[in-house]
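The values are calculated or read from the model by the stated rules, or taken from the named source; none is laboratory data. Note that the structure is a prediction, hence the values are computed from the model and not measured. Because the Cβ atoms are built from the backbone with ideal geometry, glycine has one as well, and the counts that use them run over all protein chains shown. All accessible areas refer to the heavy atoms of the entire protein, side chains included, with ligands and DNA or RNA removed. Shrake-Rupley method; radii C 1.70, N 1.55, O 1.52, S 1.80 Å.
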Amino acid sequence: MDNEKKTFYITTPIYYPSDNLHVGHTYCTVMADAMARFKRLQGYDVMFLTGTDEHGQKIEKKAAAAGVTPQEYVDKIVAGIKDLWKTMEISYDDFIRTTEPRHMKRVQEIFMRMYEKGDIYKGSYEGWYCTPCEAFWTESQLKDGKCPDCGRPVYKAHESAYFFRLSKYSDRLVELLKGGEFLQPQTRVNEMLGFIDQGLEDLCISRESVKWGIPVPIDENNTIYVWLDALSNYVTALGFPQLDGESDEKYRKYWPCDFHLVGKEIVRFHSIIWPAMIMSLGEPVPKHVLGHGWLLIDGGKMSKSRGNVVDPVKLIERYGVDALKYFLLREYTFGQDGNFTNEVMLNRMNYDLANDLGNLVSRTVTMIEKYCGGIVPPAGPAEGPDAELRELAAGCRSRVEAQMDKFCFNYALEEIWIVIRRTNKYIDETAPWLLAKDPASRDRLCAVMHNLAEALRIVSILIYPFMHHTSGEMRKQLGLAGDPVWADAAVFDMLGGQKVERGEVLFPRLDVAKELEALDALGGAPAAEPAEEYEPYKDSIEFGDFDKIDLRTGKIIKAEKHPKADKLLVFQVDFGSEVRQIISGVAGSFAPEDCVGQNVIAVVNLKPRMLRGLESNGMIIYACGKDGKYQFAETKAKPGTIVG
Ligand code: MSP
């Protein structure tokens, strides 16, 4: 069927609704949105999918801490995420939640298909688990004993679990990664090949300990572990696997996916596990996975737990959605990390948007009103710089296409700004205000006005994927009816007779110093306290193990610095029946004199040990904050009382 439109399927990762999203998260969605709008404008039948990844231990814990059910917890955050996308006018075609029945029942079907094929088997898992990342790591993958992705502590976990035979697909994955352009940028390919080279281990795909998940269809004690659940969203949203009485028409239409956009830390899941799952299902693998960089603040990843997140809603309220989208797409290079600073953002808004584009539009419309009664004149004979302007403007469309094909949003925008800056220069060169003084130059003046309006008409089409409001406003001011048509961007001389209409200033000039102060006052970081990240509990121990520990209350009666170690304090602790010497590494938290008279809880049956020449006989219990500061575990009981 030749007249059927070509399809284009693009996805973002599905976000964890564990907290509100920050501007770093919006980066990927804004890119996907620009690409979706661009492809629609080019005439593609686009499917743009985003959503939320709602299961797992982290959500379970956050909900418990908030005193609500996991479902209540995610419902609230997901509503906020949807509001954010509405504010940012993200043009997604579908939003999938992994707690929706349409997803859950298909994930179970996917599990069964893989199980029946022999690609899933039951075993027992032991590994290092990172709760925030919801990822198991092997010993060799840990970095300094911590999670290689986020650097946080991991803990050993083992339980009965189901495994996916990932190793079986090693050769096909190598073939996929080596041939063609499945994964970009290229540096990531080598990284992934390196992973496979170390030997792929079968993947644990279920958890006994996590209740907040999709039940394993054949085992009520297990839930499907988060990555199998999450990655499946890209097909379940399209209706795959087909279930009785339900359509998989979208799947047949849009799969395989053209582009999965993902942050660099989840490239591994998307370029190894995901294609292997798809291979196991006997379906075609996605065409491309693109790994993008992170927005950094002071060189570090923006993240809620670091308290350095930038709230996109505050930026939009102040500068508008187009300005923020423009900045994100113009400033950063796909695949690389980039620093987010308010100053760079404000300067971009001033130079590119207020000066270059905003000025050009308002000057042009004002002059057409003043010199031509507000009506765009027809084309006149070409003179001087006209030919160059026409060529540059009409030729820009294909240059933008070439950059967009490579996901180089910043270079695509730069191409458009070359036209905008050239058009501004054209005004200076042709000096319409002088032409207006001489009645003999009337025709030339009209031709110049026509050319300016034409260049702006073309710009209004080209910027549509990135800033559709601004595009619409420009078109309104130029008297253009209807939506932009991509083909029209390659044609000059379409205008004549339109009535222009001066409107609001597109982008007001910002006083950078004042704005910086205002943004500081608003807080680059969230106004609310950053959410607390809790350490996962250690593995369970037997009651008998705990019972071996003898805990007693005591009172510190003497405290002094260790003569040979700056970090240590030497305490004499009265336990009622005796006074003991106990040494603790807490000199950074207390002055010795402040400790005297302090009631403490201590382990009294720990074998004595020598600490820099002095014996320590027991261990005082402290609460240790994230900042490394200690506090005594308080008690009012008299010295010698048993704690248990
Ligand atoms: N739920 C998983 C993805 C499952 S996809 C089948 C997840 N969620 S996430 O909410 O933690 O992250 C979603 C995306 O946001 C990731 O691609 C991540 O790279 C991106 N970003 C989070 N912080 C970011 C920045 N500071 N900068 C750019 N992108 C960032 O991972």
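Summary table
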{"read-out": "Computed over region 220-360, Kirkwood Rh from alpha-carbon pairs, angstrom", "value": "18.4"}
{"read-out": "Extension reserve of the residue 82-residue 156 stretch, reckoned as 0.36 nm per residue once the Cα distance is removed", "value": "23.0 nm"}
{"read-out": "Expected 222 nm ellipticity per residue - DSSP helices of 4 or more, -39500 (n - 2.57), all of the chain, to 500", "value": "-11500 deg cm²/dmol"}
{"read-out": "Estimated dipole of the chain in Debye, rounded to 20 [Cβ of Lys and Arg +1, of Asp and Glu -1, Cα centre]", "value": "800"}
{"read-out": "Alpha carbon centroid spacing (whole Å) that separates region 1-61 from region 356-388", "value": "39"}
{"read-out": "Evaluated over region 1-55, the Cα radius of gyration and Dmax, each in Å", "value": "13.9, 46"}
{"read-out": "Rounded to the nearest 10 Å², the accessible area of residue 407 at probe 1.4 Å", "value": "10"}
{"read-out": "Rounded FRET efficiency, nearest 0.05, which uses the C-beta distance separating residue 318 from residue 440 and R0 of 56 Å", "value": "0.70"}
{"read-out": "Using θ = phi - 60° and Karplus 6.51 cos²θ - 1.76 cosθ + 1.60, couplings along region 219-224 (whole Hz; Gly, Pro as x)", "value": "7, 6, 7, 10, 10, 6"}
{"read-out": "Average Cα contact separation per residue, the chain, under 8 Å, 6 or more apart, as relative contact order %", "value": "11"}
{"read-out": "Expected-Rg normalisation [2.2 N^0.38 Å, Cα atoms] applied to the chain", "value": "1.23"}
{"read-out": "Residue 421-residue 609 pseudo-label distance in nm [points 7 Å out on the Cα-to-Cβ vector]", "value": "6.4"}
{"read-out": "At R0 = 41 Å, FRET efficiency that the Cβ-Cβ distance of residue 89 and residue 428 yields, to 0.05", "value": "0.75"}
{"read-out": "Amide hydrogen neighbours beyond the local backbone of residue 7, cut-off 5 Å, H modeled", "value": "45"}
{"read-out": "Within region 257-278: backbone nitrogen closer than 18 Å to the residue 178 label point (7 Å, Cα to C-beta)", "value": "272, 276"}
{"read-out": "Most positive-pole-ward Cα, 624, 292, 321, against dipole of the chain from beta carbon charges", "value": "624"}
{"read-out": "Sites residue 638 and residue 68 - FRET efficiency at Förster radius 30 Å, r taken between beta-carbons, to 0.05", "value": "0.15"}
{"read-out": "Check: region 151-226 dipole with +1 on Lys, Arg Cβ and -1 on Asp, Glu Cβ, in debye", "value": "180"}
{"read-out": "Cα centroid separation - region 147-181 against region 236-282, whole Å", "value": "18"}
{"read-out": "Loop-located trypsin sites (Lys or Arg not before Pro) in region 542-599, at most 15 other Cβ atoms within 10 Å (DSSP)", "value": "548, 564, 567"}
{"read-out": "Accessible area, probe 1.4 Å, largest first, for residues 207, 330", "value": "330, 207"}
{"read-out": "Whole-Hz ³J(HN,Hα) from phi, Karplus 6.51 cos²θ - 1.76 cosθ + 1.60, for region 269-282, glycine and proline x", "value": "5, 7, 10, 10, 5, 4, x, 5, 4, 5, 4, 4, 7, x"}
{"read-out": "Per residue solvent-accessible surface (Å²) - region 159-298, probe of 1.4 Å", "value": "38"}
{"read-out": "Region 200-233 and region 99-124: distance between their alpha carbon centers, rounded to Å", "value": "8"}
{"read-out": "Accessible-area ranking of 105, 39, 168, largest first, probe 1.4 Å", "value": "168, 105, 39"}
{"read-out": "Within the accessible area of region 347-441 (1.4 Å probe), percent carbon and sulfur", "value": "53"}
{"read-out": "Prolate/oblate/rounded label for region 545-644 (Cα gyration tensor, a/c 1.5)", "value": "rounded"}
{"read-out": "Region 126-237 - percent of accessible surface contributed by carbon and sulfur, probe 1.4 Å", "value": "47"}
{"read-out": "Listed peptides 581-587, 91-97, 21-27 by packing density, highest first (mean Cβ within 10 Å)", "value": "21-27, 581-587, 91-97"}
{"read-out": "For region 25-80, convex hull volume per residue from C-alpha positions, Å³", "value": "92"}
{"read-out": "Paramagnetic reach from residue 388 in region 427-467 [backbone N under 13 Å; point 7 Å along Cα→Cβ]", "value": "427-430"}
{"read-out": "Mean Cβ count within 10 Å, highest first, over the residues of peptides 420-426, 629-635", "value": "420-426, 629-635"}
{"read-out": "Three-way shape label, region 1-122, alpha-carbon gyration tensor, a/c 1.5", "value": "oblate"}
{"read-out": "Under 5 Å, built H, 5+ apart or other chain: amide partners of residue 204", "value": "164"}
{"read-out": "Charge dipole (debye, nearest 20) of region 29-118; +1 at Cβ of Lys and Arg, -1 at Cβ of Asp and Glu", "value": "140"}
{"read-out": "Gyration tensor verdict on region 140-279 (Cα atoms; rounded if a/c is under 1.5, prolate if a/b is larger than b/c, oblate otherwise)", "value": "oblate"}
{"read-out": "Residue 351 accessible area, assembled protein chains, probe 1.4 Å, Å²", "value": "130"}
{"read-out": "Farthest toward positive dipole pole in the chain [+1 Lys/Arg, -1 Asp/Glu at C-beta], among 179, 69, 472", "value": "69"}
{"read-out": "Largest-first ordering by accessible area, 1.4 Å probe, given options 433, 486", "value": "433, 486"}
{"read-out": "Kirkwood-Stokes translational diffusion coefficient of region 586-637, alpha-carbon pairs, 4 °C, 1.567 mPa s, µm²/s", "value": "104"}
